[in-house]
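Visitor: Following this message is one structure expressed as structure tokens.
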Amino acid sequence: MKTEQVYGRIKDIAEIFGMSRMTVYRHLDAIAEAGQYNKVVIDRGPRKKLIKITEFEKYLKSEHLKWLQA
């Protein structure tokens, strides 16, 4: 039986989506500015964050090509 990973660390998210850890942090800052931080991230300490993979992916999809509409 295969179980799907629901949450990932910064490092895991970077690997899954093919981006650097710094880029993940930038996206998390943007998510926080949008008021969605608590929906996406579980803070387990100052240096330990768990990110809900599906919610992070929804954010990326919502931002895709958004700069073209401006």
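The values are calculated or read from the model by the stated rules, or taken from the named source; none is laboratory data. From a predicted model like this one, the values you see are computed outputs, not experimental measurements. Don't worry about glycine lacking a Cβ; one is built from the backbone with ideal geometry, like all the others, and counts go over all protein chains shown. All accessible areas refer to the heavy atoms of the entire protein, side chains included, with ligands and DNA or RNA removed. Shrake-Rupley method; radii C 1.70, N 1.55, O 1.52, S 1.80 Å.
Visitor: Residue by residue through the range 1-29, note down the ones that are part of a loop (DSSP other than H, G, I, E, B) and loosely packed, with under 15 Cβ neighbours inside 10 Å. Even if it seems obvious, please write down each step before you answer.
Guide: Narrowing the range 1-29 to residues part of a loop (DSSP other than H, G, I, E, B): 1-6, 9, 18-20.
Matches in the range 1-29: Met1, Lys2, Thr3, Glu4, Gln5, Val6, Gly18, Met19, Ser20.
Visitor: Follow-up question, since we're still on this one. Kindly provide the set of residues from the range 31-70 that are among the hydroxyl-bearing types (Ser, Thr, Tyr) and touching a residue at least 12 places away in the same chain (Cβ under 8 Å), ordered by number.
Guide: The initial filter retains those residues of the range 31-70 that are among the hydroxyl-bearing types (Ser, Thr, Tyr), namely 37, 54, 59, 62.
Hits for the range 31-70 are Thr54, Tyr59.
Visitor: Return the residues of the range 18-52 that are closer than 16 Å to Gln5 by Cβ and in contact with a helix residue (DSSP H, G or I) (Cβ under 7 Å, 6 or more places away or on another chain); say none if nothing qualifies.
Guide: Hits for the range 18-52 are Val24, Val40, Val41, Lys49, Ile51, Lys52.
Visitor: May I pose another question? Please enumerate the residues belonging to the range 30-70 that are in a loop (DSSP other than H, G, I, E, B) and open to solvent by less than 100 Å² (accessible area, probe 1.4 Å). Talk me through it step by step, then tell me what you get.
Guide: Taking the range 30-70 and keeping what is in a loop (DSSP other than H, G, I, E, B), we get 34-36, 46-47, 64-65, 70.
Selection gives Ala34, Gly35, Gln36, Leu65.
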